[in-house]
Amino acid sequence: MGMTMTQKILAKAAGLDSVKAGDLIMAKLNLVLGNDITAPVGIREFKKLGLSDVFDKSKIALVPDHFTPNKDIKSAEQAKVVRDFADELDIVNYFEVGEVGIEHALLPEKGLVVAGDVVIGADSHTCTYGALGAFSTGVGSTDMAAGMATGKAWFKVPEAIRFNLTGKLKPYTSGKDLILHIIGMIGVDGALYKSMEFTGEGLHTLTMDDRFTIANMAIEAGAKNGIFEIDDLTREYMREHSSREFAEFAADEDAEYSQVIDIDLGEVPHTVAFPHLPENARTPENWGDVAIDQVVIGSCTNGRLSDLQRAAEILKGKHVKKGIRVIVFPATQRIYLEALKDGTLSALVEAGCVISAPTCGPCLGGHMGILAAGERCVSTTNRNFLGRMGHVESEVYLASPEVAAASALTGKITAPEEVM
């Protein structure tokens with residue numbers, strides 16, 4: 001029996017000729033990631049073991065991004081733990097305020113992940129890097145500590161679901177609509193501990209930013225990882241951002257999948273996930289008249305340049321509805337600067353948006369946009385669990401940048417075609 005993309009990557013990392021779903025393996029790691037919430041726990045465990053050095057100073061990435069710029073004393077102390085550890089051990093890839101970005105946008109931009117890599121991160125959305133043809137997955141802080149020390153991690157080889165994509169997305173529809181559509185189809189546990197593998201002719205019509213968004217939210221379907229077949233666009237992105245060699249793995253023709261799902265991208269509708277689960281996906285005819293208080297555009301899911309540009313295209317020359325708070329989070333310093341230079345940020349500010357420094361901010365109920373009881377937010381983030389962005393009586397509606405921007409203009413959940 002042949003192997004899937006994920007199985008081939010894991011087999012190579014484990015030094016094996018082949019693996020199959022359910023096998024337990026020890027794999028070599030190309031990168032270990034932590035942030036200002038999870039890394040301090042891992043660092044404490046690292047020191048409890050009496051360890052004095054990491055397996056490779058260039059293969060650890062520490063990114064204080066969740067509560068930065070620090071919102072209070074506790075968050076400042078958390079960041080200081082990470083900073084001191086990075087200084088003490090001469091960690092190469094430590095990124096502080098001023099050069100920081102939201103970790104899952106920053107690492108691909110810095111060229112730290114390429115196709116064929118095995119990456120673990122003490123953050124569930126580490127699965128983002130599957131857009132590049134890497135195996136990447138979230139782990140606990142203790143697994144992060146062990147990975148930093150040994151450069152290895154245990155895995156159970158996952159089964160896989162193949163998503164065969166055809167056609168092309170309609171105008172003002174994006175990767176966010178697609179992944180919300182998929183999660184609505186299969187549920188938040190529909191890919192539990194499985195690999196979501198994307199292939200087919202339609203894949204080539206998706207931008208890299210679309211793919212990052214889709215891979216980012218694989219975890220919201222319960223997946224161990226999401227991964228995309230490599231094409232010329234992937235290669236172009238990696239060569240632009242990294243000098244590292246990469247390894248391409250394609251699934252065998254006789255690879256075994258637990259399920260094959262065919263999706264015509266041209267049939268994917270605008271999709272919004274209503275509270276309080278990403279699987280509560282609804283299309284425009286089922287949105288109703290939902291008044292909102294806030295719009296958030298950004299995060300590791302949709303804070304890239306094209307996301308901001310698409311929102312600005314809809315908002316340019318208009319103004320957000322009176323009383324609606326619109327907060328925009330460029331995902332990295334580089335994205336912030338590019339959006340500043342090309343006029344994207346000017347268009348957003350003139351439309352009545354406020355621009356934040358790169359940070360996770362309100363996505364996890366951290367800061368920079370917390371919701372009060374009874375408030376509703378349309379957000380381009382990845383989770384809308386009960387109390388996720390603030391008060392337990394608030395509501396988060398997950399949407400694309402296009403829908404978020406349109407909703408900012410009307411004060412209710414709105415399809416972009418209604419305001420163009």
Verdict on residue 262 being at pLDDT 95 or above and outside any strand (DSSP E or B): no
Matching residues, segment 324-348, being assigned to a strand (DSSP E or B) and buried (at least 21 other Cβ atoms within 10 Å of the Cβ): 326, 328, 329, 332
Members of segment 7-26 that are crowded, with 23+ Cβ neighbours inside 10 Å and not polar (S, T, N, Q): 9, 10, 19
Any hit, segment 200-218, residues being open to solvent by 20 Å² or more (accessible area, probe 1.4 Å), hydrophobic (A, V, I, L, M, F, W, C) and in contact (Cβ under 8 Å) with a residue 60 or more places away in the chain: no
In segment 374-414, the residues that are touching a helix residue (DSSP H, G or I) at 6+ places or on another chain (Cβ under 9 Å), part of a loop (DSSP other than H, G, I, E, B) and among the charged types (D, E, K, R): 383, 388
Candidate set: segment 310-323, residues that are in contact with a Ser or Thr (Cβ under 8 Å, 6 or more places away or on another chain) and buried (at least 20 other Cβ atoms within 10 Å of the Cβ); chosen: the one farthest from residue 103 (Cα to Cα): 312
Residue within segment 232-241 that is touching a strand residue (DSSP E or B) at 6+ places or on another chain (Cβ under 8 Å), open to solvent by less than 10 Å² (accessible area, probe 1.4 Å) and hydrophobic (A, V, I, L, M, F, W, C) present: no
Matching option when the condition is more than 21 Å from the chain's Cα centre (by Cα) and either part of a strand (DSSP E or B) or within 19 Å of residue 164 (Cβ to Cβ) (or both), among 215, 250, 223: 250
Selection from segment 370-387 of residues that are out of contact with any Cys (no Cβ under 8 Å at 6 or more places or on another chain) and either touching a residue at least 24 places away in the same chain (Cβ under 8 Å) or under 23 Å from residue 221 (Cα atoms) (or both): 375, 376, 377, 378, 380, 384, 385, 386, 387
Complete set of residues in segment 30-78 that are surrounded by 23 or more Cβ atoms within 10 Å (Cβ to Cβ), aliphatic (A, V, I, L, M) and over 20 Å from the mean Cα position of the chain (by Cα): 43
Residues within segment 388-409 that are out of contact with any Cys (no Cβ under 8 Å at 6 or more places or on another chain), surrounded by fewer than 24 Cβ atoms within 10 Å (Cβ to Cβ) and over 17 Å from residue 66 (Cβ atoms), tallied: 4
Out of 97, 92, 157, 118, sole residue that is in contact with a Lys or Arg (Cβ under 9 Å, 6 or more places away or on another chain), surrounded by fewer than 20 Cβ atoms within 10 Å (Cβ to Cβ) and aliphatic (A, V, I, L, M): 92
All positions within segment 4-21 that are of a type in the set (A, V, I, L, M) and within 16 Å of residue 196 (Cβ to Cβ): 5, 9, 10, 21
Any chance residue 254 is surrounded by 23 or more Cβ atoms within 10 Å (Cβ to Cβ), of a type in the set (D, E, K, R) and either out of contact with any Phe, Trp or Tyr (no Cβ under 6 Å at 6 or more places or on another chain) or under 22 Å from residue 211 (Cα atoms) (or both): no
Residue tally, condition within 11 Å of the chain's Cα centre (by Cα), of a type in the set (Gly, Ala, Ser), crowded, with 24+ Cβ neighbours inside 10 Å and more than 14 Å from residue 5 (Cα to Cα), over segment 121-135: 0
Search result, residues across segment 349-371 that are open to solvent by less than 50 Å² (accessible area, probe 1.4 Å) and either part of a loop (DSSP other than H, G, I, E, B) or aromatic (Phe, Trp, Tyr) (or both): 351, 352, 353, 356, 357, 358, 359, 360, 365, 366, 367, 369
Selection count where residues are within 14 Å of the chain's Cα centre (by Cα) and open to solvent by less than 10 Å² (accessible area, probe 1.4 Å), scope segment 136-149: 2
Given (1) surrounded by 15 or more Cβ atoms within 10 Å (Cβ to Cβ); (2) of a type outside the set (A, V, I, L, M); (3) out of contact with any strand residue (DSSP E or B) (no Cβ under 8 Å at 6 or more places or on another chain), number of the condition residue 275 does not satisfy: (3)
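The values are calculated or read from the model by the stated rules, or taken from the named source; none is laboratory data. Note that this is a predicted model, so its numbers are computed, not measured. FYI the Cβ positions are ideal-geometry reconstructions off the backbone, even for glycines, and counts take in every protein chain you see. These accessible areas exclude ligands, DNA and RNA; they are computed on the full protein's heavy atoms, side chains included. Shrake-Rupley method; radii C 1.70, N 1.55, O 1.52, S 1.80 Å.
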